Amino acid sequence: MSADTRPRLSETIGRQRRSFRVWRGQRPYWAGLLTLLAGIPIMYIPYANLTIGSLTVRMATTAGAGSLIIGVLLVVLGLTMWFQPASRVFAGVAAILLSLVSLVVSNFGAFLIGFLLGLIGGALAVSWAPGKPAPAESAAKDTDGDPGRADAPDDGFDPFGGGRPAAAGAGGSRGVLDDLSGKSPTNGTNGRHRAG
């Protein structure tokens with residue numbers, strides 16, 4: 001292949017970025033990411049050791065296995081939101097419940113970090129709905145500039161004048177006469193019928 005026919009690196013990266021944006025738009029991406037990130041501190045912190053100088057503080061709880069299970073389940077639920085968007089409501093409710101349980105089981109939900117991430121991620125998953133593409137026909141109609149629309153250009157035509165052009169300098173919006181006498185511009189009456 002010559003240098004001219006090979007795809008450039010920037011074109012390849014741009015194409016991959018566009019395809020990722022399309023993929024991300026078809027699922028609750030941020031909900032899955034926050035839920036996945038919530039599982040990491042919940043399963044890590046109970047097994048971590050904090051060393052301050054020569055003092056070692058172990059943050060292990062009696063329910064360390066419970067913390068590990070909750071963390072792994074949150075990671076799995078985050079991946080489920082990404083790869084099975086149809087089950088987003090179930091995964092979101094389960095993530096919220098597991099985050100609430102982590103308050104008791106896992107050092108106050110990994111010092112509230114994992115708890116808040118899981119709660120927000122679950123709420124985003126429950127509230128997310130897939131978008132519906134706009135039909136191409138309605139988009140074409142919106143840009144035509146129908147004559148009855150408010151954003152149509154003012155061409156001096158009086159829509160209430162029965163097809164006659166509005167009087168020059170008549171004022172009002174869109175050429176409508178500002179006559180306060182109560183008479184209709186089409187037949188000169190004010191809506192009452194003559195008796196006799």
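Applying 1/(1 + (r/R0)^6) with R0 = 25 Å to the Cβ-Cβ distance of ALA136 and ALA86, what FRET efficiency is obtained, to the nearest 0.05?
After rounding, the FRET efficiency stands at 0.40.
So what is the accessible area of the stretch 1-123 per residue, in Å², with the probe set to 1.4 Å?
62 Å²
Length gain on complete extension for the stretch LEU97 to GLU11, per 0.36 nm per residue less the alpha carbon to alpha carbon distance?
26.6 nm
The values are calculated or read from the model by the stated rules, or taken from the named source; none is laboratory data. Note that the structure is predicted; figures quoted are calculated from it, not measured. As a convention, Cβ positions derive from the backbone with ideal geometry for all residues, glycine included, and neighbour counts pool all protein chains shown. Accessible surface areas use protein heavy atoms only, side chains included; no ligands, DNA or RNA. Shrake-Rupley method; radii C 1.70, N 1.55, O 1.52, S 1.80 Å.
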